[in-house]
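The structure under discussion appears below in the form of structure tokens.
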Amino acid sequence: MRLLIADDESLIREAIMARLKKGLYEFEEIYQAGDGLEAWAIAKNERPEIIITDVRMDGMSGLSLIQSCQTAGINSSIIVISGYAEFDYVQNAMYHGACCYLLKPITQETLFDALNRAIEKNTTLTKYTRVQEQNTLLLLNQLLQKARDHSLNDAEYSQLLSLLGADKDWEFIVGSAHVSRYDQSRYFSIENVYSILADSLSPRLPSAFRLLPGPNTPDRILLFSAPSLQSLQKQIYETLDSQIMKLNVLGAIITLGLSPISRSLSPELFDQSEQALKHRFLTGNGKIYHMEAPSADTGQLPNSLDWKNLENELRCKSPQDTAEKLCSLIDSFYPLVHNFEYLIQYIYELLIRLNYTPSKKSWDHFTDNRFWSSHENREEILSLIKEEISLTCRTKPAEGSQSVTEQAKDFLKEHYREPISMEMLAEYFHLNPRYFSTVFKKKEGLSPIDYLTQVRMEAAKSTLRNTDIPASEIAALVGYEDPRYFYKVFKKYTGLTPTEYRS
């Protein structure tokens, strides 16, 4: 805790210093000012927790000092020194936030009493400020999570910008940071590594900067914002390069993935930074990766292989040979695709077309960012994917085991009350919508959406027969928001209106 003593009489300052030595106070620093302007300069630069100031001083009065501190957000506990003739000034000072006053002549007892009250007020204020900061940070993290999840409404987005100190026309860069290892003799935790990173970046960056919790324990989000980042981009990148390199040399291996500049803090920025971070699996940790716009074919699978002939070839192979071939492809094409999840998706669909039954739960891991952040290198990732391919091929289902089509039917029977689209279904089963629809129709004789309509109509018929619930309410119970559309579909399906069917 630091103390500032401001009085234009040196004897008063010396008397206070002498009495302080008799108390049990442990101030880190005690500053002295001989006039109001000097006191204000110290208060601005040092922000002492406690200020003892005379009411009347040259340059700036004690009252003006109190008001200036209040305007500048300097939350010092202020003790006012006054003579009896200046009591009106004291009342004014108390009104503007002084915590107590000392009447001249100052005794040791009154000084200690005032200091104790000032310390108590500062302690209470510090606790309150800390709670406020924690609540603000909690709210900020909640809003950022919603921003990543595509679920921020306009009011929440405005609140997020306000908490970040940004305006609607500001520009943003989002970074994803990952600590892969650190020297535990130098850094006692990952939090300590990130704290040092933030402390080294903040005074050097030309933009506003925040380091925030990421979606996973070893990760953090870096948020850069300014009215215009285009002109600052080079300086930001150079600062990041130098500080990351410095920490790497000192035993903390940090990798960054950076999004492009955007005028909106959109979900795409978070996705782009996470995709950029995944480049560490190709060329290593301890670097900074920038998400560039992919070229026309970098999101596709390499065309050096005839994929249709590969599928025909694998139909004639044993499960073991199929697994070996697919694992070989994973090794060969991993470095050649811009988005590795695309290759995983293709392998998943190929296994289904070959009548294998890959575990949806297991394959979901490979497109989950938490899976990627929990592993440190390419070899670990490839090993787990190849292990899952081998397991899938070894456990090719016997006749009668549940196919993807059967799983889809079960899903529709369970979730028919919810809004469901073809795209949602295909995404749930990690399949191309057109392919999924074709396979389903070939097996069942109708499309997935027609099957969903059938399930809903049968449920509506049963409800009409066995209850007296109004048809307009049954519509919502079987997945239709618009009763009129439900009546139209029901009439087309049964040839009767809901009322006619019930009677």
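The values are calculated or read from the model by the stated rules, or taken from the named source; none is laboratory data. None of these values were measured; they are calculated from a predicted model. For neighbour counting, all protein chains shown are included, and Cβ atoms are generated from backbone atoms with ideal geometry for every residue, glycine included. Quick note on the areas: whole protein, heavy atoms, side chains included, nothing else; ligands and nucleic acids left out. Shrake-Rupley method; radii C 1.70, N 1.55, O 1.52, S 1.80 Å.
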In the range 163-202, anything in a helix (DSSP H, G or I) and either within 24 Å of MET291 (Cα to Cα) or open to solvent by less than 40 Å² (accessible area, probe 1.4 Å) (or both) is listed as LEU164, ILE190, ASN192, VAL193, TYR194, LEU197, ALA198, SER200, LEU201
Give me the helices (runs of 4 or more DSSP H) completely within the range 397-503, filtered to those with at least 1 residues that are within 28 Å of TYR346 (Cα to Cα), ordered by residue number. 404-415, 422-428, 433-444, 448-466
Using the structure shown, decide if TYR182 is at negative phi and without any contact (Cβ under 8 Å) to a residue 60 or more places away in the chain. no
If you go through the range 143-151 one residue at a time, do you hit one that is open to solvent by 70 Å² or more (accessible area, probe 1.4 Å), free of Cβ contacts under 8 Å to residues at least 60 places away in the same chain and part of a loop (DSSP other than H, G, I, E, B)? no
Between a residue in the range 363-391 that is farther than 22 Å from VAL179 by Cα and any residue that is modelled with pLDDT under 75, which pairs come within a Cβ distance under 6 Å, given they are 6 or more apart or on different chains? none
Select from the range 64-105 the residues that are modelled with pLDDT under 85 and in contact with a His (Cβ under 7 Å, 6 or more places away or on another chain) and list them in ascending order. GLN70
Screening ASN153, ASN141, ASN122 for residues that are of a type outside the set (Val, Ile, Thr) and touching an Asp or Glu at 6+ places or on another chain (Cβ under 6 Å) leaves only ASN122
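Being open to solvent by less than 60 Å² (accessible area, probe 1.4 Å), in contact with a Gly (Cβ under 9 Å, 6 or more places away or on another chain), at pLDDT 80 or above and part of a helix (DSSP H, G or I): is that true of LEU115 here?
Yes; evaluated as a whole, the condition is true for this residue.
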Given (1) closer than 18 Å to LYS409 by Cβ; (2) at pLDDT below 90; (3) among the charged types (D, E, K, R); (4) out of contact with any Phe, Trp or Tyr (no Cβ under 9 Å at 6 or more places or on another chain), GLU444 misses just (4)
Which one is farthest from the chain's Cα centre (by Cα), of the residues in the range 124-136 that are open to solvent by 60 Å² or more (accessible area, probe 1.4 Å) and at pLDDT 75 or above? THR124
Please find, within the range 219-260, the residue that is modelled with the lowest pLDDT out of those that are closer than 19 Å to HIS279 by Cα, open to solvent by 30 Å² or more (accessible area, probe 1.4 Å) and outside any strand (DSSP E or B). ASN248
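Of the residues that sit in the range 1-54 and are of a type in the set (Asp, Glu) and more than 21 Å from LEU125 (Cα to Cα), which one is most open to solvent (accessible area, probe 1.4 Å)?
GLU14
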Flag if ASP58 is surrounded by 15 or more Cβ atoms within 10 Å (Cβ to Cβ), more than 44 Å from the chain's Cα centre (by Cα) and not aliphatic (A, V, I, L, M): no
For the range 473-501 the number of residues that are farther than 24 Å from LEU425 by Cβ, of a type outside the set (Phe, Trp, Tyr) and in contact with a Phe, Trp or Tyr (Cβ under 8 Å, 6 or more places away or on another chain) is 4
